[in-house]
Amino acid sequence: MMTKAERRAHWRTIIEEQAASGLNITTFCREKQINRHQFHAWRRRLREQQPCPSGFLELIPGRAVETGSGIHIHPDKNFT
């Protein structure tokens with residue numbers, strides 16, 4: 001029996017395989033004999049568990065701008 005972590009890793013691998021395969025989900029699941037509803041449920045579950053990679057922005061005061069709110073957002077190039 002797999003642990004929760006092993007099961008997550010297993011499904012993450014399957015989902016990555018589907019993305020790399022170039023096949024749509026229905027065809028991929030049919031060929032791999034995977035339940036399509038389970039595939040969607042795990043994909044949704046894993047997506048919800050991933051933290052947002054750029055969930056916070058650092059706001060740095062800049063020079064005043066004549067129009068608009070005066071707020072400019074410049075994403076840091078180190079964030080992907």
Cβ-defined net charge surrounding GLU17, 13 Å radius [Lys, Arg +1; Asp, Glu -1]: +1
Contour excess over end-to-end distance, with Cα ends at ASN24 and ARG36 and 0.36 nm allotted per residue: 3.2 nm
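Just so you know, all these numbers are worked out from the coordinates, no wet-lab data involved. In this text the structure is predicted, and so the values were computed from the model without any measurement. Note: ideal-geometry Cβ built from the backbone for every residue, glycine included; neighbour counts use all protein chains shown.
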